[in-house]
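The values are calculated or read from the model by the stated rules, or taken from the named source; none is laboratory data. As the structure is a computational prediction, the values presented were derived from the model and not from experiment. For neighbour counting, all protein chains shown are included, and Cβ atoms are generated from backbone atoms with ideal geometry for every residue, glycine included. Protein only, heavy atoms only, side chains kept; ligands, DNA and RNA dropped before computing areas. Shrake-Rupley method; radii C 1.70, N 1.55, O 1.52, S 1.80 Å.
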Amino acid sequence: MQRTFTWRRSWIAKHSTTMTEIFKEYPRFLDMPNLLDAEFDKMHKGKGDLFIRHWEATIIPKLKAVAVLEKGDVAPLIEEMEDQTEDVMSYAMLVVLTQLPLVAAGRSIASLCDSQTSSQNHQPQLVCIGNLRSAARQYVLVGRNDRITIPLEEGLTYAVDKLFKFYWVCNLAYPAQLSSVFSFH
């Protein structure tokens, strides 16, 4: 992977390849998800853990502040999450994202999860198999239209980090609603 980095980056950028084409050409990304970390770090030196730092230090506090001001189902989520595990807290923050008012292009983030919309796009999604509070849960990156699945070993925060890197490594456009979360530099 190290020797083919320059060629791979050029090929992905020039050919606007699909996930299927990328993983057919470079199948190690599928069976070794940590290569996404290495590829991203090589693309953006020293920023391999930037999303996790940004998530914990910036995004979660901002979401908490916004959620406290919101009415309805959002505020109780914040109150209940204080004594929870990291995965439950991250999940609560993702739920808060789906409950916030309309954003960006006039669509709510929740609309990204709409099955009709999801089946029409080629963007990867993060799926949790099992109960969030169960030790037996499994996170999986899924490219539904490309029939790609990548099982992940880590917790939810790290799974979202992998999704972030997946978008950048595969040169995919992430949903506009996530631009404040998934952009950096």
Notebook entry, point to check: Which links in K42/K62; K45/K165; K24/K165; K42/K64 stretch past 25 Å when you go from one Cα to the other?
Noted result: K42/K62; K42/K64
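Work out the length of the dipole vector of segment 1-54 about its Cα centre, built from +1 on the beta-carbon of each Lys and Arg and -1 on the beta-carbon of each Asp and Glu, and round it to the nearest 20 debye.
The calculation lands at about 240 debye.
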Next item on the list: May I ask for the net charge around K47, where only other residues with Cβ less than 14 Å from the Cβ of K47 are counted and Lys, Arg are +1 while Asp, Glu are -1?
Entry: -1
Notebook entry, point to check: Separation between the Q2 and R147 pseudo-spin-labels, each 7 Å from Cα along Cα→Cβ, expressed in nm?
Noted result: 3.5
Checklist line | Carbon/sulfur fraction of accessible area - segment 14-61, other protein chains in place, 1.4 Å, % | finding: 55
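Please compute, over every Cα-Cα pair in segment 7-71, the percentage with a separation greater than 17 angstrom.
On the way: 1231 of 2080 pairs.
So the pairs more than 17 Å apart make up 59 percent of the total in segment 7-71.
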